[in-house]
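Down below is the structure, laid out as structure tokens.
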Amino acid sequence: MSRTILVLGAGIVGVSCALALQQRGFAVTLLDRKEPGRETSYGNAGVIGRSSLVPLNNPGLYAKLPGYLGNRHPALHLDWRRALTSPGWMLRFLWEGRASQAAARIAAMDGLTATAVTRHRALMQQAGISHRLRETGTLKLWRSEAGLASARAEQELLKAHGIESEILDRQGISALEPSLNPIFPTGLFIAANGSFDSPGAVTAGYAALFVARGGTLIREEVGSLRREGALWRIQTAQRMYEASDVVIALGPWSADLLRPLGLDPKLDVERGYHRHFAAGDGARLSRPVYDVDAAYFMTPMEEGYRVTSGVDLSLRDAPDQLRQIESVTQSAREAFPLGGMLGKTWRGARPTLPDSLPMIGAAPGHQGLWLAFGNQHLGFSTGPMTGELLAALLNGEAPPIDPKPYAPGRYIR
Ligand SMILES: Cc1cc2nc3c(=O)[nH]c(=O)nc-3n(C[C@H](O)[C@H](O)[C@H](O)COP(=O)(O)OP(=O)(O)OC[C@H]3O[C@@H](n4cnc5c(N)ncnc54)[C@H](O)[C@@H]3O)c2cc1C
């Protein structure tokens, strides 16, 4: 029997899986309740983070925690109701940050990000949307003189992974980004990072490529799935679909369909917000900037200057908590002459597993069920490699990178 594959979720991860499977000759159907790239894959900071190797839960987090727990720092907000609802996840998230795990987790992130720019460049060419890719790097900025030591430490880490960077002083920062106000004594320019002017449009462009190559894209809400004999039956609001293989790429919603099957992938979320702004007269940025002390990215986007917030550890569907985005809006105004706000505040949820690595591969004990989610802060960067690895595993090929760090079996027994 030839294999028919249903990919659930048309964010960057699902679309990347669908393209990689299609390239291997499979008949693939991609299903989402919305248009492709309208959720987390729309609202992110648009950075291809080649250099983002250290996850939030790293050994340095422990020292910062006391400062975060009062919910006065914009980098992190903790809703205690959430902590009490899933204390196990929180404790495991903290435990995975211990020093003995750091090198292995960084190596695993490196495996996913090393080819991120090249993979996106190739896909964007094929999709005819290369104009949306900026290869102008990113600029990390510190407000205090103490930032120099952090910039040096980061430069060393990046060098160890073959990533070049340049430490800049006030003049160097101003030469690179003349419109920034001179409040940053130290910067770290990382040329290897890329960025997009619209992550949602890039995802939609990849989905259009999938359709142009003969793939089927369906807009329906999935209610449930179950295995009957050799097939999976997928129930949507409209009808029932059958497939030999199902890929769960539902981002922050992935666990919703797995729990009824008795699978708990230990997936939770780190929420985040963005706002768009006009720029003041003649002001412009040529690349995303990250203000370390104030904890926000500011990225030039098609819709305006997008300011994204830090991590909101509230329950996935709890009402907005706007304190962080309000705080970073104010900080961004100190750094750059932002004009009026354009549109509304957006909220999304980074899908995160306790070790901050995605789950990519076969679901233990469930033939034909494949998992591709949990890409946390870096899903846009790691989406294409996630798709390649998933497709290689499903097709029984030698995987392009060691799949062990992302194996579903580390949380699903
Ligand atoms: C504020 C913020 C900033 C970020 N910045 C960056 C960045 O700069 N660089 C980077 O690489 N990453 C960044 N990320 C992370 C990145 O956006 C995510 O990791 C990535 O988008 C996850 O993609 P996904 O395909 O897994 O999920 P999603 O894009 O959320 O896709 C999941 C899809 O599943 C669909 N779906 C859910 N349930 C159902 C159902 N029952 N039936 C049908 N369809 C369903 C949804 O409609 C959605 O389209 C950021 C995230 C946030 C929140």
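The values are calculated or read from the model by the stated rules, or taken from the named source; none is laboratory data. These numbers were taken from a predicted model, which means no experiment stands behind them. FYI the Cβ positions are ideal-geometry reconstructions off the backbone, even for glycines, and counts take in every protein chain you see. Heavy atoms of the whole protein, side chains included, go into the accessibility calculation; ligands, DNA and RNA do not. Shrake-Rupley method; radii C 1.70, N 1.55, O 1.52, S 1.80 Å.
Odds and ends about this structure:
- Over the chain, accessible surface divided per residue gives 40 Å², non-protein components excluded, 1.4 Å probe.
- Cross-link reach is defined here as a Cα-Cα straight distance under 19 Å, omitting same-chain residues fewer than 8 places apart; for Lys266 the aspartates and glutamates meeting it are Asp79, Glu96, Asp256, Asp312, Asp317, Asp355.
- Mean residue ellipticity (222 nm) of the chain, computed from DSSP H runs ≥ 4 via -39,500 (n - 2.57), nearest 500: -10000 deg cm²/dmol
- Val54 accessible area, 1.4 Å probe, all protein chains in place, Å² to nearest 10: 70 Å²
- Computed over the stretch 188-291, Kirkwood Rh from alpha-carbon pairs, angstrom: 18.2 Å
- C-alpha long axis of helix 199-212 to longest principal axis of the chain, angle in °: 30 degrees
- For Gln367 and Arg413, the difference between the fully extended length at 0.36 nm per residue and the C-alpha to C-alpha distance is 15.1 nm.
- Spin-label proximity, Ile218 to the stretch 244-264 - amide N less than 13 Å from point 7 Å beyond Cα toward beta carbon: 244-247
- Rounded percent of accessible protein surface that carbon and sulfur make up, the chain, 1.4 Å probe: 54 percent
- The simple spin-label model puts a point 7 Å past each Cα toward its Cβ; for Gln23 and Ala146 those points are separated by 4.5 nm.
- Projecting the Cα atoms of Gln324, Gly88, Leu188 onto the dipole axis of the chain, where Lys and Arg carry +1 and Asp and Glu carry -1 at the beta carbon, places Gly88 farthest toward the positive end.
- Relative intensity, log₁₀ I(q)/I(0), of the stretch 18-79 from a Debye sum that treats every alpha carbon as a point, q = 0.12, 0.18, 0.22 Å⁻¹: -0.61, -0.91, -1.03
- Residue-span extension gain [Glu166 to Asp320] - 0.36 nm each, minus C-alpha spacing: 51.7 nm
- Computed extension length for Lys159-Thr345: 63.3 nm, one decimal, from 0.36 nm per residue of separation with the Cα-Cα distance subtracted.
- Among the GluC sites (Glu not before Pro) within the stretch 130-160, those in coil by DSSP and having at most 11 neighbouring Cβ atoms inside 10 Å are Glu145.
- Volume of the Cα convex hull of the chain, divided per residue and given in Å³: 135 Å³
- Descending by average beta-carbon neighbour count within 10 Å, the peptides 386-395, 8-17, 286-295 line up as 8-17, 386-395, 286-295, the highest first.
- Over the stretch 298-369 - Rg/Rh using Cα atoms and the Kirkwood inverse-distance radius: 1.13
- Shape annotation for the stretch 314-356: C-alpha extents along the principal axes are 38, 23, 15 Å, from largest to smallest.
- Relative counts (whole %) of C-alpha pair distances in the stretch 115-251, using bins that are 5 Å wide: 2, 8, 13, 12, 11, 11, 11, 9, 7, 7, 6, 3, 1, 0
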